[in-house]
Amino acid sequence: MRFGRGDTLEGEQSSPCSAPWWRDAFQLVEEVELIAGSHRVNEIERALPGISRSLLASRLRHLHDAGVVERLPGAQSKVPEYHLSEAGRELTSVIEALGAWGVRWAFDDPQPEELDAGLLVWKVHQRINHERLQPCG
């Protein structure tokens, strides 16, 4: 079910805040990964340690049904890719603000068992601008 401006659900005015996908704040984590540049299920799963593949697929399906992400054919393979829709891109600043708030108010310093070097390397990898790298040799 897609929610557009003025659509109603059980007599209520629909808005991005009343859409069912927004009620589950944990689905924002998947959107953060899409903002960071992960587009394939394997990439998103790699960035979310501990999430089951079926749960991730379900959440992506909900985001797609809500019109927040688009499911597109892969550029180089038959593996589908997920990209933010216009509505999803408009949420970027909101999600970044929630992240900044969380860093300031909701989290203490990580405990040693919470540190994950592999995840850190993956996050650095996501933010490399490959176009600016010089060829070797």
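The values are calculated or read from the model by the stated rules, or taken from the named source; none is laboratory data. None of these values were measured; they are calculated from a predicted model. Heads up, the Cβs are rebuilt from the backbone with ideal geometry, glycines too, and the neighbour counts pull from every protein chain shown.
Inspect the stretch 62-79 for any residue being at positive phi and touching a residue at least 40 places away in the same chain (Cβ under 8 Å) and give the result as yes or no.
Within the stretch 62-79, one or more residues are at positive phi and touching a residue at least 40 places away in the same chain (Cβ under 8 Å).
Can you name the residue in the stretch 65-92 that is among the basic types (Lys, Arg) and more than 16 Å from residue 37 (Cβ to Cβ) and, of all such residues, is farthest from the chain's Cα centre (by Cα)?
Applying the filter and picking the extreme gives 78.
Could you tell me whether the stretch 98-116 includes any residue that is outside any strand (DSSP E or B), closer than 19 Å to residue 48 by Cα and under 13 Å from the mean Cα position of the chain (by Cα)?
The answer is yes, given that some residue of the stretch 98-116 is outside any strand (DSSP E or B), closer than 19 Å to residue 48 by Cα and under 13 Å from the mean Cα position of the chain (by Cα).
Can you tell which of 103, 94 is β-branched (Val, Ile, Thr) and loosely packed, with under 10 Cβ neighbours inside 10 Å?
Within the list 103, 94, the selection yields 103.
Can you find, within the stretch 16-49, the residue that is surrounded by the most Cβ atoms within 10 Å (Cβ to Cβ) among those that are closer than 18 Å to residue 65 by Cβ, of a type in the set (A, V, I, L, M, F, W, C) and modelled with pLDDT of 70 or more?
Top of the filtered list is 34.
Within the stretch 38-80, how many residues turn out to be aliphatic (A, V, I, L, M) and either farther than 26 Å from residue 128 by Cα or part of a helix (DSSP H, G or I) (or both)?
Count: 9.
For the stretch 74-86, enumerate the residues that are out of contact with any strand residue (DSSP E or B) (no Cβ under 7 Å at 6 or more places or on another chain) and modelled with pLDDT of 90 or more.
The answer is 86, and nothing else.
What number of residues within the stretch 118-137 are more than 18 Å from residue 43 (Cβ to Cβ) and either surrounded by 10 or more Cβ atoms within 10 Å (Cβ to Cβ) or hydrophobic (A, V, I, L, M, F, W, C) (or both)?
2
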